[in-house]
Structure formats: structure tokens, C-alpha cells
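Data first, discussion second: the structure below is written as C-alpha cells.
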Amino acid sequence: MLTGKRILLRAPEREDLKSLHKWQNDEELMMLSRSQPDHVKSMVSLEAEWEKDLKGDDPDVRRYMIEEKSSGKAIGWCSIRFHSFARRYTNADIGLCLGEKDKWGKGYGTDVTQLLLRETFEQLNLHKVGWWTFTENKASIALAKKFGFKEEGRLLDHNFFNNAFHDTVVLGLLKEDYEKRPTAK
């Protein structure tokens, strides 16, 4: 479990599937979190997708539920997805989704990002962390840049949703840049 100012990042439990099902069937959430409105998901398919996480069987990804400390309620999920080169983890992508829309714009994303970066750089000693989103997701890009992520490139017309193509923005943060930030620790 990772503990922040107002949230905990904890392992997903079977009882979280009901909230995940609600969130993953919300078109707006899925567009923002995955850059595609993949919003029709059955409980059976969701259970199958999360089964490895519930058992702790997937070494390439760590998924967490975002739990609000004050209420004890799950308000979203996040992940660290590792890239293995030469049988060793050196890089990962992080991502988060606040499923409860009334928590948007209140600093929860900042708290989650800070915990994920501490875990990737200070505990796992990774070299680099990536962040991917589509160009119109200004809140996601602003959050990444707040922590020192730099744009590394764009994948043109990479995603198709809402009857249009959208570019993907690829951002990255090196451990040395994370350590130079005055608020890194």
C-alpha cells in the first residue's frame, strides 16, 4: 500500500469490480483514460481482464485502486506498466483515472502522481517513466508537466474516436530530472 496526503494506493479486490465496471462503462472516462471511448464492457470481461491483478500474477503491470482516506471509498484506479529490456525493468509508463468525477480538479491526481513517481524512482529505481495521452486531454498534459515530464513526441492520427483522428502526446521523465525537482521528495 502506498500512502499519500489524502489517498491510499492499494491492491484491487474483487469487491472493487462493481466500481470498475461502472467507470469502464462511462464513455467520457474511457475516452480520457484510454484515448478511446471503449465504454461497453460486461462484468464477465472485466473480471477476466482483472483476474491476474486480483491474483497478483502479472509481473509487467502493477494496478492500484485509488482510495480516499477520509471516506475509505475507491475513487479510481492507476497503474505502473513496466517495459523489460534485457530481462530487467528500467522503464515504465504510469497512468491514472479518477472514476468519481466529483473528485476532479481537487488535487487527487497530483497526490496519485506523486505516489506513483516515488514508487517508480525511489523504490523500484527505474531510469525513466512515460506518460501517454491524446492532445486534447489538456488536464492530463498539465499534470504530467507539473511533475517535470517533457514532451518527447507525437503520434499523428494515432487514435480514432468521436468520428475523428487524434494525435497522441508522448511525455517522459528521467530519474535524474525527477531528483533535481525541489519537491521530488
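Restricting to Cα atoms and excluding each atom paired with itself, what does the Kirkwood estimate give for region 1-102 in Å? Evaluated on region 1-102, it is 14.4 Å. The modelled label-to-label distance for the pair Arg14/Glu28, using points 7 Å beyond Cα in the direction of Cβ, is 3.3 nm.
What do the square roots of 5 times the Cα gyration tensor eigenvalues come to for region 106-185, in whole Å, largest first, as semi-axes of the equivalent ellipsoid?
Over the Cα atoms of region 106-185, the semi-axes work out to 26, 14, 10 Å.
Determine the share of the chain's accessible area contributed by carbon and sulfur atoms, expressed in whole percent, with a 1.4 angstrom probe. Here carbon and sulfur together make up 50 percent of the probe-accessible area.
Among Lys69/Lys128; Lys22/Lys106; Lys41/Lys103; Lys55/Lys150; Lys22/Lys69, which pairs are too far apart, with a Cα-Cα distance over 32 Å? Before the final figure, lay out the partial values.
On the way: Lys69/Lys128 29 Å; Lys22/Lys106 21 Å; Lys41/Lys103 23 Å; Lys55/Lys150 35 Å; Lys22/Lys69 21 Å.
Listed pairs above 32 Å: Lys55/Lys150.
Quick check on region 45-174: of the DSSP beta bridges with both residues there, what percent are antiparallel, nearest 5%?
Working: 32 of 35 bridges.
Expressed as a percentage, antiparallel bridges in region 45-174 total about 90.
P(r) tail for region 12-166, what percent of Cα pairs lie past 21 Å? Cα-Cα pairs in region 12-166 separated by more than 21 Å: 49 percent.
So, with +1 on the Cβ of K and R and -1 on the Cβ of D and E, and no other charges, what is the size of the charge dipole of region 84-185 about its Cα centre, to the nearest 20 debye?
Working: 16 positive and 14 negative charges, 63 e Å.
Approximately 300 debye in magnitude.
Relative to the 2.2 N^0.38 Å rule of thumb, region 65-116 has a C-alpha radius of gyration ratio of 1.36. Per residue, the accessible area of region 97-156 comes to 48 Å², computed with a 1.4 Å probe over protein heavy atoms only. You can think of it this way: the chain between Gln123 and Ala48 has 24.1 nm of extra reach, that is 0.36 nm per residue less the Cα-Cα gap. Computed from the C-beta positions of Thr90 and Lys41, the FRET efficiency with R₀ = 35 Å rounds to 0.60.
The values are calculated or read from the model by the stated rules, or taken from the named source; none is laboratory data. What you are looking at is a predicted structure, and each value in this text was computed from that prediction instead of being measured. No Cβ is skipped: glycine too gets one built from the backbone with ideal geometry, and neighbour counts run over all protein chains shown. Surface areas here come from the heavy atoms of the whole protein model, side chains and all, with no ligands, DNA or RNA. Shrake-Rupley method; radii C 1.70, N 1.55, O 1.52, S 1.80 Å.
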